[in-house]
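Below is one structure, written out as C-alpha cells, with a few remarks after it.
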Amino acid sequence: MPKISEYVVGERYQLPLLVKDVKNGMTNKGAPYLSMILADSSGSLEGKMWDVRQEDIKLIQNGRLIQFTFDVLDYKGQMQGRILSAGKAGENVVVEDFVLSSLIPEEKRKEEVRSYIDQISSPVLKKLVIAMFQKVGQRYFDYPAASKIHHAFLGGLSEHSLSMVKTCLALCDLYPQLNKDLLISGALVHDMGKTEEMSGPITTEYTLQGRLEGHISLANGWLSEVAKELSLEEEEETILLHHMILSHHGHLEYGSPVLPCLQEAEILSLVDNIDAHLNTLKLALKEVEPGSWTSRLFSMENRQFYKPKEK
C-alpha cells in the first residue's frame with residue numbers, strides 16, 4: 001500500500017486514509033463540498049471532494065478511517081487529492097497504523113528524560129520535576145506538542161521538550177552564567193499542560209478546559225499543587241520555575257501572562273521558538289521538490305520558504 005510520501009501527481013489511488021480534519025464548504029453556485037486533511041504514518045494530504053452527497057457528509061468525520069478513491073493533482077506547487085468517492089474502510093485496518101509518530105522510539109525518549117532529571121543538582125527543582133512527571137504520566141510521551149503547527153504527531157510533546165533541553169545545554173556550554181538546572185527543568189515541564197489542553201494524538205482537538213484556560217495556566221496550576229504537596233511553595237526555585245512556565249511564549253500577545261524576567265526564561269522562550277520553527281520548516285520543505293517554494297506558513301507570518309536545488 002503506497003504511503004502519502006510516495007504519491008505521484010497524476011496517479012489515481014484507492015486506499016484507506018485517516019481523516020484528521022474536515023470542513024463543509026459551499027461553492028459560489030451553492031453546491032456543497034468538503035475540504036479535508038487526510039493522513040497516514042508518513043504525512044498528510046489536503047483533499048477536496050466536490051458533488052458531495054448527504055451520505056458522504058455523514059460518513060467523513062474526524063478520526064475515522066475511510067476508503068477513498070482519489071486523483072493526486074498539483075495545486076500551486078502542492079499535492080492535493082481530488083476525492084472521487086468514499087466508503088467504509090476494511091475491518092482489518094488499524095487506526096494506529098495511520099498516525100504520524102515521532103521517529104525517536106518511546107523508550108529512548110523515556111531514557112533521555114530520566115538522564116536529564118538525574119543531571120538536575122538542585123534538590124528542590126528535581127523534586128518538583130519528578131512530581132510533575134508523576135502527575136502527567138504516560139501522556140507526556142503520547143501527546144503531540146500542537147494540533148497542527150509543530151510536532152503535531154504521536155510523541156511530539158516529549159520530542160519537542162527533549163530537543164529544547166539539548167539546545168539549552170549547548171547554550172549553557174557557551175554561556176556558563178546560565179543556570180543549567182533551571183533550564184533543564186523549564187524545558188521538561190513548560191508544555192505539560194498540553195496533555196490537558198488537547199484531546200490526544202489521534203485526532204487532536206482542543207478541549208473545553210484547554211480553550212478556556214490554556215496549557216500555560218494548566219501547567220502553572222499543577223506546579224502549585226505539587227509544590228504545596230511537597231511543602232516547597234515558598235522556595236525561590238519554585239517561584240523561578242513558575243516564571244519559566246508563565247513566560248515561555250515570550251510575548252503577552254502570544255499568550256504568556258508575563259514577559260521573561262530571568263535570563264533563563266528569555267533563553268527558554270527563544271529556544272522554544274527555534275525548535276517549533278525548525279520542525280515546521282522541516283515538514284513543509286519535505287513536501288516540496290528542490291527549486292520550489294513551500295505553501296504559506298501561517299505560524300511564520302504567512303511566509304513561503306524556498307528549497308534550494310540539490311547540487
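The values are calculated or read from the model by the stated rules, or taken from the named source; none is laboratory data. Computed from a predicted structure; not experimentally measured. Glycine also receives a Cβ, built like all others from the backbone with ideal geometry; neighbour counts cover every protein chain displayed.
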Residue check for residue 23: touching a residue at least 12 places away in the same chain (Cβ under 8 Å) and loosely packed, with under 11 Cβ neighbours inside 10 Å: yes
Residue 166, sole failed condition from (1) part of a loop (DSSP other than H, G, I, E, B); (2) more than 16 Å from the chain's Cα centre (by Cα); (3) surrounded by fewer than 18 Cβ atoms within 10 Å (Cβ to Cβ): (1)
Residues located in the range 187-214, provided they are farther than 13 Å from residue 135 by Cα, over 13 Å from the mean Cα position of the chain (by Cα) and in a helix (DSSP H, G or I): 187, 188, 208, 209, 210, 211, 212, 213, 214
Qualifying residue in the range 83-95 (condition: in contact (Cβ under 8 Å) with a residue 40 or more places away in the chain and either assigned to a helix (DSSP H, G or I) or outside the structural domain of residue 13 (by TED's automatic domain parsing) (or both)): yes
Only one of 219, 227, 265 that is part of a helix (DSSP H, G or I), small (Gly, Ala, Ser) and farther than 18 Å from residue 126 by Cβ: 265
When residues of the range 140-163 are limited to those that are under 13 Å from residue 204 (Cα atoms) and among the charged types (D, E, K, R), the one surrounded by the fewest Cβ atoms within 10 Å (Cβ to Cβ): 148
Criterion (touching a residue at least 24 places away in the same chain (Cβ under 8 Å), touching a Ser or Thr at 6+ places or on another chain (Cβ under 8 Å) and either more than 23 Å from residue 303 (Cβ to Cβ) or not charged (D, E, K, R) (or both)) met by exactly one of 238, 280: 280
Single unsatisfied condition, residue 280 versus (1) under 25 Å from residue 241 (Cβ atoms); (2) in contact with a Leu (Cβ under 7 Å, 6 or more places away or on another chain); (3) among the β-branched types (Val, Ile, Thr): (1)
Residue match in the range 15-23 (condition: of a type in the set (A, V, I, L, M) and within 12 Å of residue 82 (Cα to Cα)): no
Scan of the range 262-280 for residues that are within 18 Å of the chain's Cα centre (by Cα) and surrounded by fewer than 17 Cβ atoms within 10 Å (Cβ to Cβ), ordered by number: 270, 273, 274, 277, 278
Residue within the range 33-50 that is surrounded by fewer than 15 Cβ atoms within 10 Å (Cβ to Cβ), in a loop (DSSP other than H, G, I, E, B) and not assigned by TED's automatic domain parsing to the domain that holds residue 150 present: yes
